[in-house]
Structure formats: C-alpha cells, structure tokens
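A.B. asks: Can you read through this structure? Questions will come right after.
The values are calculated or read from the model by the stated rules, or taken from the named source; none is laboratory data. This is a predicted model, so every value here is computed, not measured. No Cβ is skipped: glycine too gets one built from the backbone with ideal geometry, and neighbour counts run over all protein chains shown.
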Amino acid sequence: MTQSIPRAIIHLDLDAFFCSVEVLKNPELNGKPIAVGGQPDKRGVVAAASYPARKFGIHSAMPMSRAVKLCKDIIIIPPNFKSYKTYSVIVMKLVEKEADLLEQISVDEAFIDVSSRIGNWEDAVEIAKSLQNNIAVNIGLPNSLGVATNKMIAKIASDLNKPNGLTVVKPGEERSFLAPLSPQKISGIGPKMAEKLATMNVTTIRELSKLPLNILEARFGKFGLAMANWAQGKDDRPVRTYREIKSISNERTFPKDISSKEELLMILKQLSEKVVKRLRDKELKAKRVFIKLRYYDFDTHTTQKSFAEAIDSEEMIANIAEELFMFAWSNNKPIRLLGVGVSNFNVDTKSGQTELF
Ligand SMILES: [Mg+2]
C-alpha cells in the first residue's frame, strides 16, 4: 500500500454508567437526583452521580454526607457491581459486531477501530451514530463517543460533550482541536505533571506543542518526548484486542479503608506471596505482574509491568508489585481494595511497558 489512509478510531464512554444502570432497573428513578455509593452515616462516598444530581454540585468521590447536604432529596443506592458488569458485557457484545478491533479499557469505556470498514471518513461518523443510537435505544444506556484518527484524540473528544455527545475530529484537524485544551485532557498527563508544566507557563496544549524538544527531554526524559508527540496530535498506539489471558491473582477488600503506607505494603507482600505460591503449584512462570487498587471512592486502577524473561521468584514478584504500587498510589488516598496478579505465562509480550490507559 503506497497511500496512507488515516485510521478511524471511536472511543465510547457510557454516561454516568452506574446511575444509568440503576435507572434501567428502576425506571421510576429517571430524571431524579441519584447517587450510587455508601451510606452518609458510615463515611460513605459517592461512586457515581446522575446528571440531575450533578446539577446540585454532587460529583463522584464526594463524601455522601456532603451530597445529602447539597440535595436533601438525593436518592442513595448501594453499588451493585454485578449488574454493572452484566450490562457492560451486553454493551461490548453489541459493539464487537461493528468493530475491526475492540479494546475495552474499563467497565464502561472502549476503543473501537473501524478503519477497514469505511470508504470515507463520513462512514466512520455513521458507524458512531448508529452505535450511539443502538446502545441508547436498544440497551437503554446513554453514551458519548469521540471519533478521530487516533486513540488519544478520540478519548478526549468523547469527554467533551457529555452526556449523549458525539464529537468528531476530522483527519487534519487534530492540532487545532487540541490547541486550546489543557494538557491534562491528555490521558497520561496527570495533575502533578500539569502542575509542573504550569510552572513552565504551559497551560494549553498549544503552548506544550511550542516547547522545544530539548527542553522537554532535559526536564522529563522519554516522557517529555512522548508529550511532545501527543501535543502534535500524534499517537500511534494500536487498538489492541486483548486475548483472554489466563492469570493468577489475589485481591482483598478491607472492612475499613486503609491509608497507611506500611500497612498497605505489608498486605501487598502477603498477596504477592499467595500469588507466587499458586504460580509455583501450577509449575508456571509469568512475564507480567499487575496490581489493582480501588480507592475509597471506587475509582479503580490497574497497573502492570511486563518483561522478556518469565519469572517465579517470590522476591522479584513482590518487589515489582511494590514498585507498581508506589507508582500508582496517589497521595496517601485511602484504599478499599488491593490486588496482585501475574499473567502471560507462555506468550511473548513487549518488554518493560507500563500501560498508559
Ligand atoms: Mg463513563
């Protein structure tokens, strides 16, 4: 192939997903301020707020006691992760039919590559519209989509006009689309990095794109070069369809949220030991270690590290788990669930990569 045709990537994000599922199960909740999360008298936290609740200033991660003060009629619903998972599977099965490649990145988010299904760009927009309609009408879940030539921009676009949004960034318009936005809109640039950039007078992606490469590299190393690419609207990461990988993992939900580093590291070590024992019992070695952490507000992260050599050393796996944890844990934020796992027993993987999404 001599001509390079731009990719067509859709990012799908279900709107206020936990709340939308609750409305689906009980239509009387429709249009009402609801918050999924823990009880206010038990130091509960809002895991998700419906759009009517957001009008009162209620948002996820807020203490439920505060939500009740902001809206006395708020309807509090305990989380039901089983039914969220069920609906997630239904949505992804529907999406799969329209996708060349489907990469699910969380319970309510996915990248869809439709490049080979389209004759021109408008076809990609049509696929996105039809997906949006199918999920909203046939399943009953409101959703927002971004259509762009790469994952980074599609993800930013889907977030721009929530709920029920459809934002299209045509080929060639990547840079002008990004220019006025905050660097923090880019997945991979977190609040800490945004603060550092702000001290360099960089508060928009346009300003980031104008920083000389040598300065970015001197200050932030390889990550600086990655940021420079992103600011130009470049992102070559493929949409990856994950195989069903066999993994061995162990996780624990705490009766009370924990924010003590010593305690968390001790638990992490115990979890690693159990995982390694099971790994060895099965006479396996792994090429990937991952950790999972869920904060008090149900915000959930997994971080992983892969390497060329398969290992089963208790010390190595425990050390990697600790390293991943220290990388992923933000600012002593209280944790309600911690998990450690290993995978990739017999397949080759790219070495030394930590997932950005
Ligand atoms: Mg969502």
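A.B. asks: If residue 39 meets every condition in (1) crowded, with 19+ Cβ neighbours inside 10 Å; (2) more than 29 Å from residue 127 (Cα to Cα) apart from one, which number is that one?
C.D. replies: Single failed check for residue 39: (1).
A.B. asks: Okay, moving on. Does residue 243 satisfy being of a type outside the set (A, V, I, L, M, F, W, C), modelled with pLDDT under 95 and either in a loop (DSSP other than H, G, I, E, B) or at positive phi (or both)?
C.D. replies: It is true that residue 243 is of a type outside the set (A, V, I, L, M, F, W, C), modelled with pLDDT under 95 and either in a loop (DSSP other than H, G, I, E, B) or at positive phi (or both).
A.B. asks: Can you tell which of 247, 272 is in contact with a Ser or Thr (Cβ under 6 Å, 6 or more places away or on another chain), among the hydroxyl-bearing types (Ser, Thr, Tyr) and touching a residue at least 12 places away in the same chain (Cβ under 8 Å)?
C.D. replies: 247
A.B. asks: Given (1) within 26 Å of residue 104 (Cβ to Cβ); (2) crowded, with 16+ Cβ neighbours inside 10 Å, identify the lone condition not met by residue 240.
C.D. replies: Here residue 240 clears every test but (2).
A.B. asks: Within the group 165, 188, which residue is in contact with a Leu (Cβ under 6 Å, 6 or more places away or on another chain) and either of a type outside the set (A, V, I, L, M) or at pLDDT below 95 (or both)?
C.D. replies: 188
A.B. asks: Determine whether residue 307 is buried (at least 17 other Cβ atoms within 10 Å of the Cβ), modelled with pLDDT under 90 and outside any loop (DSSP other than H, G, I, E, B).
C.D. replies: yes
A.B. asks: Out of the residues in segment 17-36 that are part of a loop (DSSP other than H, G, I, E, B) and in contact with a Pro (Cβ under 7 Å, 6 or more places away or on another chain), state the one that is surrounded by the fewest Cβ atoms within 10 Å (Cβ to Cβ).
C.D. replies: The residue in question is 31.
A.B. asks: Taking segment 158-180 as the search range and keeping residues that are within 14 Å of the ligand (Cβ to nearest atom) and touching a residue at least 60 places away in the same chain (Cβ under 8 Å), which one is surrounded by the most Cβ atoms within 10 Å (Cβ to Cβ)?
C.D. replies: In this case the residue turns out to be 158.
A.B. asks: Moving to a separate point now. Give the residues of segment 97-146 that are within 14 Å of the ligand (Cβ to nearest atom) and among the polar types (S, T, N, Q), sorted by residue number.
C.D. replies: 104, 106, 132, 143, 144
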